[in-house]
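The values are calculated or read from the model by the stated rules, or taken from the named source; none is laboratory data. Note that the structure is a prediction, hence the values are computed from the model and not measured. Methodologically, a virtual Cβ is constructed for each residue, glycine included, from the backbone with ideal geometry; neighbour enumeration extends over all protein chains shown.
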Amino acid sequence: MDAFAAIRFAVGTGFLLVAAVSDVRTRKVPDPLWIALGSVGVLLLAVQFVANPGDPGAWALLGSAAILFYAIFLGAPLFEPLRGYWSYRVGHLRIVYRIAPEARFVVVLSIGRAAPPP
């Protein structure tokens with residue numbers, strides 16, 4: 001097992017242990033814990049990509065996974081209405097996506113710069 005895999009395993013195990021203890025005590029795990037776990041995971045993976053450069057498509061996959069992860073916790077719910085086109089904005093980035101209700105997945109239509117907020 002390489003060093004990055006060992007670090008990811010240790011951090012993931014620690015976070016999941018804290019989540020399990022919280023779940024046993026209160027029967028729910030707070031969202032900030034999941035956000036912290038996902039953020040640390042994205043950061044560790046980005047550090048690994050910088051240390052061991054490889055396929056540029058991996059960065060695109062990491063970016064899209066991070067956008068969808070943060071959209072779930074910080075944006076509008078992705079599967080609530082199950083229809084139509086939706087837009088999610090992060091700073092100057094605007095993501096337009098469509099929800100495919102028959103398959104229960106999200107199709108990202110565009111990612112581009114948006115006008116600055118008023």
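Taking the criterion of being over 26 Å from Arg89 (Cα atoms) and in a helix (DSSP H, G or I), would at least one residue in segment 26-36 satisfy it?
Yes, that holds for at least one residue.
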### Task
Scan Val18, Val29 and give me the residue that is farther than 20 Å from Arg113 by Cα, modelled with pLDDT of 80 or more and not assigned by TED's automatic domain parsing to the domain that holds Arg113.
Val18
### Query
Looking at (1) surrounded by 14 or more Cβ atoms within 10 Å (Cβ to Cβ); (2) under 20 Å from Leu93 (Cα atoms); (3) modelled with pLDDT of 85 or more; (4) of a type in the set (A, V, I, L, M), which is the only condition Leu43 fails?
(1)
### Candidate set from segment 1-49 (those that are touching a residue at least 12 places away in the same chain (Cβ under 8 Å) and among the β-branched types (Val, Ile, Thr)); member that is farthest from Ile72 (Cα to Cα)
Ile7
### Task
Filter segment 54-65 down to residues that are surrounded by 10 or more Cβ atoms within 10 Å (Cβ to Cβ) and either outside the structural domain of Arg8 (by TED's automatic domain parsing) or not in a helix (DSSP H, G or I) (or both), then give me how many there are.
0
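Looking at segment 1-15, can you tell me whether even one residue there is in contact with a Leu (Cβ under 6 Å, 6 or more places away or on another chain) and either surrounded by 11 or more Cβ atoms within 10 Å (Cβ to Cβ) or under 27 Å from Leu109 (Cβ atoms) (or both)? Step through it out loud before you land on a result.
Here is the first cut: in segment 1-15, the residues in contact with a Leu (Cβ under 6 Å, 6 or more places away or on another chain) are 8, 15.
From the residues that got through so far, the ones that are either surrounded by 11 or more Cβ atoms within 10 Å (Cβ to Cβ) or under 27 Å from Leu109 (Cβ atoms) (or both) too are 8, 15.
Scanning segment 1-15 turns up at least one residue that is in contact with a Leu (Cβ under 6 Å, 6 or more places away or on another chain) and either surrounded by 11 or more Cβ atoms within 10 Å (Cβ to Cβ) or under 27 Å from Leu109 (Cβ atoms) (or both).
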